[in-house]
Amino acid sequence: MMIQVRFALLWALMTIGFHAESQNLLMEKARPLVLKAMLQGPDNSESSLDGKVVVLEFWATWCTPCMANLAHMNELSRHFTDSNVQFISITDEPLDKIKEFLGKRKMNGWVGIDSGQLTFKNYGVKGMPHTFVIDANGIIRFSNIPDNLNEKVIREIKSGNYQPQILNRVDTAPIFGGWSPGEDPVYTARFGKKYLSQQTIRPSDFPYPSSGFRFDNGFAGYNMLGFNLPMIIAFTEALPGSLRVINKSAYPDSLKWDVIFSRAKGYDRKKASSELRKSVFEAFVITIADTQVEKSVLIPKFDGSSKVIEEKTIDFNKPETHTYHSLKSIFDQLENNSGKIIDYPANSDTKYLDLFDIMGSYFKMNAEEVQSWLDKQGITFTPGIRKINMKVIHDQ
C-alpha cells in the first residue's frame, strides 16, 4: 500500500471545520478518559486528577502541526511544574509506536493511548491538534487549537477568572469543513460527509491557498483550494511553484479557484494526474507550452559536513521521522516565500533535514529566517543566472 499526503494549511484554517462539535462542550462536565494505557503517569489517572486543572491535548506523530506544537506545549508545562495543573497528551496510535517516539522526542506530562478512539469521540475531536482545558471542578473552559492557549489563559482558569467565548452556532456556522485530499470542505461543513468520486472546478472563497494529494489502495484524491491559475498549473505540472509559470491566458492571477478531484478505486498516481491535468485544460480552455528563460536564481551549496541526511538511511516507519523534510520540499517553500527561483540539484528529493527543533515556527518563518537556519545546517546560497524551464499558459 502506498499512502502519500501533503498539506499546505495554516493551522487556524485546518481547524475551522472540526471545532464546531467540540465547541459545544464548553462549560459542560469533562468527559471520561477511556485509555488503553497512560505513559509517564499513573495507571489510575482519573482519580489522580481530582481538584486539578487539566490541559488535554489530542495529537498524533504523523500530524505535522502536532509536531510543530510540541515545543509550545512543553514550554507551557514548564510554567506549571510545581502547581495543580496536569498536562495530558492523547493519541490513538499503537502503544509500542508511542513508546518508541518518547524514547527519541521529549514530551512533558502524561501521554494517553486511546486505541479505540473512545476518548476522541467523547470530546468530539475530528482533527488535530486540539486542546481542552478543564478546571478544578471538572468543567471544560477552553476548546481550541493549542496555538491559542497561553500561560495567562491557564492561570485565569486556575484562579476561576476565565470566561470562554462560546460561539453562536447559528451565526458562525462553518463555511469550510475539515478535509483530506479529494474531499470538498464546503460539503463536509454542511453535511459532515465526503464524496467518494468527484471532479469539481469552481471560483473560490477559500481564505488561504491550501493543497493536498493522496493515493492508497486505488483511491486518488487531489485538492487545490484558493489557487490562481499559475498555481494550479504548477501543481498539475509538478513544478516547485508558480514562479516557473508564465500566464498569457484570459484569466488574471487575481482570480482564485478550487479544484477537487477524487476517484474511489482503480487509480494510481499516473492515471489520476493525467485525468486531473486533462480536466483543468478543458475547464479553462487552455494549452501549455514549454520555454526556457534566463532568470536570476539562488544556487544552494552543501557538502559532507552539512547536516543533510540521505533518504536511504532513514526508516520512515519510525514515528520520529515524521519531522524529516526533503531538501526539495524545503527549497520549494523557500522559492515561493522568497520570490526567487532556487536552482537546486535533481537529487534534492532524496536528501533530508530534520526540522524537529524548528517545527513550532517553520511554517511561519519568512525566507530570510529559513535561509539563516539552512546556513546553520551547512547549506548556503549564492546568486547566479540560469536558463530555467518555464510553462506558458495560452488560451486555446
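The values are calculated or read from the model by the stated rules, or taken from the named source; none is laboratory data. Just so you know, these numbers come straight off a predicted model, no measurement behind them. Neighbour counts run over all protein chains shown; Cβ positions are idealised from the backbone, glycine included.
On inspection, D349 passes the criterion of being modelled with pLDDT under 95 and closer than 20 Å to L298 by Cα. The number of residues in segment 76-103 that are free of Cβ contacts under 8 Å to residues at least 60 places away in the same chain, assigned to a loop (DSSP other than H, G, I, E, B) and either crowded, with 16+ Cβ neighbours inside 10 Å or of a type in the set (D, E) (or both) comes to 2. Here the condition is being without any contact (Cβ under 8 Å) to a residue 60 or more places away in the chain, closer than 27 Å to G192 by Cα and of a type outside the set (V, I, T); of K121, K106, it holds for K121 alone. The number of residues in segment 274-299 being outside any strand (DSSP E or B), within 18 Å of K248 (Cα to Cα) and among the aliphatic types (A, V, I, L, M) comes to 3. Quick check on D349: is it closer than 17 Å to W62 by Cα and in the same structural domain as I385 (by TED's automatic domain parsing)? It is false that D349 is closer than 17 Å to W62 by Cα and in the same structural domain as I385 (by TED's automatic domain parsing).
Of the set (1) farther than 19 Å from T200 by Cβ; (2) touching a residue at least 24 places away in the same chain (Cβ under 8 Å), all apply to K270 but (2).
When K318, K307 are screened for being touching a Gly at 6+ places or on another chain (Cβ under 7 Å), surrounded by 11 or more Cβ atoms within 10 Å (Cβ to Cβ) and of a type in the set (K, R), only K307 passes.
Entry remark, segment 240-264: residues being hydrophobic (A, V, I, L, M, F, W, C) and under 20 Å from the mean Cα position of the chain (by Cα) number 3 in total.
Could we say that G17 is modelled with pLDDT under 90, assigned to a loop (DSSP other than H, G, I, E, B), surrounded by fewer than 19 Cβ atoms within 10 Å (Cβ to Cβ) and on the phi < 0 side of the Ramachandran plot here? For G17, the condition - modelled with pLDDT under 90, assigned to a loop (DSSP other than H, G, I, E, B), surrounded by fewer than 19 Cβ atoms within 10 Å (Cβ to Cβ) and on the phi < 0 side of the Ramachandran plot - is not met. Taken together, the criteria exclude F215 from residues that are within 21 Å of the chain's Cα centre (by Cα), assigned by TED's automatic domain parsing to the domain that holds E275 and closer than 30 Å to E294 by Cβ. Just checking, which of S204, S249, S242, S197 is polar (S, T, N, Q) and in contact with a Pro (Cβ under 7 Å, 6 or more places away or on another chain)? Of the residues listed, the single one that is polar (S, T, N, Q) and in contact with a Pro (Cβ under 7 Å, 6 or more places away or on another chain) is S242. Within segment 286-320, the set of residues being aliphatic (A, V, I, L, M) and closer than 22 Å to D357 by Cα comprises V308, I309, I314.
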